[in-house]
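Presented below is the structure to which this report refers.
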Amino acid sequence: MSMFLRSRTNNTLRHLFTHPLFSSSRFIGTLVVAEHEGGSLTAASLSSVAAANKFLSQDNSLSLLLAGSGPSLHDAAANAASCHPSVSQVLVADSDRFKHHLAEPWAKLIHLVQQKDEYSHIVTASSTFGKNILPRAAALLDVSPVTDVIEISDPKTFVRPIYAGNALCTLRYTGSDPCMLTIRTTSFPVAPASPDSKTGAAPIHQVDLSTFGEDGNSKFVKQTSQESERPDLGTARVVVTGGRALKSAENFKMIEKLAEKLGAAVGATRAAVDAGYVPNELQVGQTGKIVAPELYMAFGVSGAIQHIAGMRDSKVIVAVNKDADAPIFQVADYGLVGDLFEIIPELLEKLPEKK
Ligand SMILES: Cc1cc2nc3c(=O)[nH]c(=O)nc-3n(C[C@H](O)[C@H](O)[C@H](O)COP(=O)(O)OP(=O)(O)OC[C@H]3O[C@@H](n4cnc5c(N)ncnc54)[C@H](O)[C@@H]3O)c2cc1C
């Protein structure tokens, strides 16, 4: 590890300086590929930092890689530099080519940084972003990524779910460096810093992109997204989910009203999404989002294994289903056999209006 990485500097943009991409020192450590939003690291990226901390006894260094452009990138870099005392440095790739999260330029960026710094581990979240970029970056680096890690037993041994979460597989990575991982954010809660840990912000270095070359074959065209005041499904404390039993998009509004009163995020089964009641981004499950809220409420959800795979780690599960034998009751902490078209209106009536 080079000398400047051991010392921590004050964290302001005045300290942005060029990453020494062509220096000869080998930098052994873990690289977290981070996402940022509104000038801060996303919750998923903070979970990646928590996961990367598991490697620190061996490596003693943790770098964060952020990319994009504009003031929000610089704010995010400043926040990232002090997000956890274990962070040794923040690498910033400042270019418009990264701001739409296209996999091709991002994978090239990771490749570029790895060629210089030779990290032993590269970690990112199993988010849409991480799942998109990491396999491509792994292909460029000619290694096999390990995906959906839920436990790090040692720097080369990991646990990941298989068969839609019905079995857990412990695997040992025997490939060459870097060992590249996506982690399930629900399994790595953001760790509070220990009281005796170092304080101060890590240095921020700008990645030299002069050798980046062409952007690749993909081009950003446009983005359409739903504006919502509701909490993010992936990180919400409470999730209210509706299934096919809601029968229509109109009826599904009951779920949305209930979520609003509870300050909850809305989720849906794949059957409800396929039927067009709600957009795909609300799907919970094996091929949707993985959630682990404090409270998960499922209305008219049968409890297919592919759905359970996405919510089984919720702290408290409440299920309402008119079939007493529905599989959802096998994972529910509280089950109510009844008709959701009677129960939801009753709940809405009894719950106070949200202030
Ligand atoms: C490869 C693959 C991946 C998949 N990925 C996902 C995934 O990510 N997420 C996901 O959710 N599914 C996924 N599925 C689909 C999954 O197998 C199920 O088909 C789906 O979860 C069923 O959705 P559902 O529970 O809404 O509907 P159903 O299975 O039709 O269940 C409806 C339930 O509502 C109950 N009900 C009916 N009327 C009422 C009423 N009035 N009041 C109360 N209860 C009522 C019924 O008793 C029933 O239990 C996947 C499938 C495959 C093959």
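The values are calculated or read from the model by the stated rules, or taken from the named source; none is laboratory data. Bear in mind the structure is a predicted one, so any value in this text is a computation, not a measurement. All Cβ positions, glycine included, derive from the backbone under ideal geometry; neighbour counts span all protein chains shown.
Numbers below:
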| quantity | calculated |
| --- | --- |
| From LEU73, LEU62, LEU91, LEU102, residue being closer than 16 Å to GLY130 by Cβ and at pLDDT 90 or above | LEU102 |
| Near pairs, Cβ below 8 angstrom, 6+ apart or cross-chain, from region 257-281 (surrounded by fewer than 18 Cβ atoms within 10 Å (Cβ to Cβ)) to any residue that is acidic (Asp, Glu) and modelled with pLDDT under 95 | LYS261/GLU353 |
| Selection from region 260-315 of residues that are basic (Lys, Arg) and either within 26 Å of SER47 (Cα to Cα) or assigned by TED's automatic domain parsing to the domain that holds ALA164 (or both) | LYS289, ARG312, LYS315 |
| Residue within region 235-247 that is within 16 Å of the ligand (Cβ to nearest atom), out of contact with any Pro (no Cβ under 9 Å at 6 or more places or on another chain) and either charged (D, E, K, R) or within 30 Å of LEU62 (Cα to Cα) (or both) present | yes |
| Residues satisfying the stated conditions in region 277-317, i.e. closer than 20 Å to ALA167 by Cβ and hydroxyl-bearing (Ser, Thr, Tyr) | THR287, SER314 |
| Enumeration of residues in region 285-309 that are touching a Gly at 6+ places or on another chain (Cβ under 7 Å) and within 6 Å of the ligand (Cβ to nearest atom) | GLY285, GLN286, GLY288, GLY300, VAL301, SER302, GLN306, HIS307 |
| In region 248-274, the residues that are aliphatic (A, V, I, L, M), under 27 Å from the mean Cα position of the chain (by Cα) and away from the ligand (no atom under 12 Å from the Cβ) | LEU258, ALA259, LEU262, ALA264, ALA265, VAL266 |
| Verdict on ASP274 being closer than 30 Å to GLN89 by Cα and of a type in the set (Asp, Glu) | no |
| For LEU340: the one exception among (1) over 17 Å from ALA245 (Cα atoms); (2) more than 26 Å from the chain's Cα centre (by Cα); (3) within 9 Å of the ligand (Cβ to nearest atom) | (1) |
| Within region 282-291, considering residues that are in contact (Cβ under 8 Å) with a residue 40 or more places away in the chain and within 26 Å of GLU346 (Cα to Cα), the one surrounded by the fewest Cβ atoms within 10 Å (Cβ to Cβ) | LEU282 |
| Residue among ALA304, ALA319 that alone is on the phi < 0 side of the Ramachandran plot, buried (at least 22 other Cβ atoms within 10 Å of the Cβ) and at pLDDT 95 or above | ALA319 |
| Criterion (more than 16 Å from the ligand (Cβ to nearest atom) and farther than 30 Å from LEU73 by Cβ) met by exactly one of LEU168, LEU181 | LEU168 |
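One line per residue, one yes/no per condition, for (1) touching a Ser or Thr at 6+ places or on another chain (Cβ under 6 Å); (2) in a loop (DSSP other than H, G, I, E, B):
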site	(1), (2)
HIS100	no, yes
ALA107	no, no
HIS111	no, no
GLN115	no, no
LEU134	yes, no
ALA139	no, no
SER144	no, yes
ARG160	no, no
GLY165	no, yes
